[in-house]
1. Would you mind classifying segment 52-99 by shape? Square roots of the alpha carbon gyration tensor eigenvalues, ordered a ≥ b ≥ c; an a/c under 1.5 is rounded, otherwise it is prolate if a/b is larger than b/c and oblate if not.
2. Once you have the Cα-Cα distance between residue 175 and residue 146, take 0.36 nm times their residue separation minus that, and quote the gain in nm to one decimal.
3. Do the alpha carbons of any pairs in 93/147; 82/168; 95/120; 85/105; 58/82; 93/168 sit beyond 21 Å of each other, and which pairs?
4. Exactly which trypsin sites (Lys or Arg not before Pro) in segment 36-98 are in a DSSP loop and have at most 14 other Cβ atoms within 10 Å?
5. Could you pull the accessible area for residue 100 with a 1.4 Å probe, rounded to 10 Å²?
6. Please work out how much length the chain gains when fully extended from residue 108 to residue 34, using 0.36 nm per residue of separation minus the C-alpha to C-alpha distance, in nm with one decimal.
7. Rolling a 1.4 angstrom probe over the protein chains, ignoring ligands and nucleic acids, what is the accessible area of residue 149 in square angstrom, nearest 10?
Amino acid sequence: MSPAIWTLIIFAALVLGYAAGSGSLYRFQNRGETLVRQALINCMPPDSWHLLNNVTLKLDKGTTQIDHVLISRFGVFVIETKHYKGWIFGDGKSKSWTQVLFQRKHRFQNPIHQNYKHVKAVQEYLDFLPPENVTGLVVFTGDSTFKTTPPAGVHTLGSMIAYLQSLKEEALTENRMQFCVGRLECTRLALTRQTDIEHLASLEGRHR
């Protein structure tokens, strides 16, 4: 199915959901995003990080939507969540990866490449930080199994938490963390129906 068709399907889901009276973006939040958020809240010490969810930032052309931005004493982590089942085949360089479920194959964009755009956007907004202080993580939360070796930076929920808890070298002071939070909170687009519609229109424009 083409990206443009997927865009129309998501757009229709948004419109129908709001017509039903929900009025909340969390109605459409991926189950995986909820699991990542809960894992970070439950497992990370509250005095050393701040989590932003569903961050939409303006680009020179269009917008980009980021699942999570974790601002911690150990750096800023831009997290892309994938909630998949089945077997996953992919490497760091391929343009697309493959999910195999019940002998059916589905190709999807390499999430490392997808998240790279998010990382670059956050680096630009947090231009007072060294670029190496902003890194990307891809987290698979569903009942999926990698049939190829997962590339660096690709995690399950458990390995994401273990990785974050293993970090020892602090990169940001408390004041710098607060400055990062303030910059992103002031520049992110509001969580509204129009924000999602404009982002979907931006995606559709890129795939024409």
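The values are calculated or read from the model by the stated rules, or taken from the named source; none is laboratory data. All values reported here derive from a predicted model rather than from experimental measurement. Ideal geometry is used to build each Cβ from the backbone, glycine not excepted, and the neighbour counts take in all protein chains shown. The accessibility values were calculated without ligands, DNA or RNA, using every heavy atom of the protein model including side chains. Shrake-Rupley method; radii C 1.70, N 1.55, O 1.52, S 1.80 Å.
1. Since a/c reaches 1.5 and a/b is larger than b/c, the shape of segment 52-99 is classed as prolate.
2. Values: separation 29, 0.36 × 29 = 10.44 nm, distance 3.95 nm.
Gain on extension, residue 175 to residue 146, equals 6.5 nm.
3. On the way: 93/147 16 Å; 82/168 27 Å; 95/120 18 Å; 85/105 12 Å; 58/82 23 Å; 93/168 29 Å.
The answer is 82/168; 58/82; 93/168.
4. Loop-located and lightly packed - 61, 85, 93, 95.
5. Approximately 30 Å² of residue 100 is accessible to the 1.4 Å probe.
6. Working: separation 74, 0.36 × 74 = 26.64 nm, distance 2.10 nm.
Going from the current span to full extension adds 24.5 nm.
7. Near enough 120 Å² of accessible area.
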